[in-house]
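Novice: Right, I'll just put the structure down here and ask away after.
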Amino acid sequence: MCKTNYTTKKVLSRFIRSHRHDTDFCSYYTSTEINPLLYYVSVCPNCGFSSSEECSTYFPPNAKEMIQQKICDNWSGRNYCFERTVDTAIESYKLAIYCSSIKKENHVALAGLYLRLSWLFRTEKINHEEEQRFLRLALEEYVNSYMVDDYSGTQLSEIKLLYLIGDLSRRLDLVSQATQYFSKVIEKQTDTLEKGIVQMAKDRWAEMREVKSS
């Protein structure tokens with residue numbers, strides 16, 4: 001945004017140790033210090049512009065001017081490039097979400113920010129209401145991404161996106177929508193190499209049927 005070069009802290013992959021995974025791909029790490037979620041967002045210490053690696057480098061007309069006015073001109077100079085606490089990590093996500101909203105970022109990138117922020121509230125900050133709030137926002141953006149196909153060319157495959165929409169819907173008690181998207185995954189089982197995702201969809205479907213019949 002302001003062309004300032006800066007280096008921000010990341011957790012080296014060899015130090016990352018997870019001991020548990022949820023059905024929406026949320027990981028639990030052995031300590032907060034090695035949780036890569038804390039460093040997913042990059043925040044420019046000079047101007048405050050914040051983004052993730054999934055965000056595009058494109059700025060639509062007037063976006064830079066709006067970010068300059070709403071963020072850069074009011075920036076306190078706080079430096080997020082060093083070790084972060086859970087609270088400063090949450091601040092970095094909210095900054096990135098604000099920037100992404102102003103520049104009309106792709107739905108899939110905005111969804112990724114919302115989803116990871118919800119994971120922080122699930123695994124580190126432990127706030128169920130905030131977790132559910134950001135899960136709902138992530139779900140909305142993932143559905144929009146699927147509808148307009150802006151996930152193409154990213155690391156998120158169609159079948160994984162369909163599964164994720166199904167699982168987030170399930171977690172938010174949107175049973176009909178969850179069933180709809182899990183069925184889309186299962187319908188593609190002969191056309192995909194991601195057999196593990198298909199099996200996960202079948203498992204979630206079975207769990208939902210068990211809950212319904214109990």
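Novice: Relative to the Cα centre, what is the charge dipole magnitude of the chain, using +1 at the beta carbon of each Lys and Arg, -1 at the beta carbon of each Asp and Glu, and rounding to the nearest 20 debye?
Specialist: Details: 28 positive and 28 negative charges, 65 e Å.
So the dipole magnitude of the chain works out to roughly 320 debye.
Novice: Same structure again: Which entries of Lys160/Lys212; Lys160/Lys202; Lys160/Lys195; Lys94/Lys125; Lys104/Lys160 have Cα-Cα distances beyond 19 Å here?
Specialist: Numbers: Lys160/Lys212 25 Å; Lys160/Lys202 13 Å; Lys160/Lys195 11 Å; Lys94/Lys125 15 Å; Lys104/Lys160 24 Å.
Exceeds cut-off: Lys160/Lys212; Lys104/Lys160.
Novice: Roughly what angle does helix 158-171 make with the longest principal axis of the chain, taking Cα atoms, 0 to 90 degrees, to the nearest 10?
Specialist: Roughly 80 degrees, rounded to the nearest 10.
Novice: Taking Cα atoms, how many degrees apart are the long axis of helix 86-102 and the longest axis of the chain, rounded to 10 and kept between 0 and 90?
Specialist: Roughly 90 degrees between the two axes.
Novice: Against the longest alpha carbon principal axis of the chain, how many degrees, from 0 to 90 and to the nearest 10, is the axis of helix 175-187 turned?
Specialist: With rounding to tens, the tilt is 80 degrees.
Novice: Tell me, Phe15, Phe59 in order of fewest to most beta-carbon neighbours within 10 Å?
Specialist: Working: Phe15 12, Phe59 16.
Fewest to most other Cβ atoms nearby, the residues stand as Phe15, Phe59.
Where a number appears in this text, it was derived from the coordinates with a stated rule and is not lab data. All of these numbers come straight from a predicted model, not from anything done at the bench. Backbone-built Cβ (ideal geometry, glycine too); neighbour counts: all protein chains shown.
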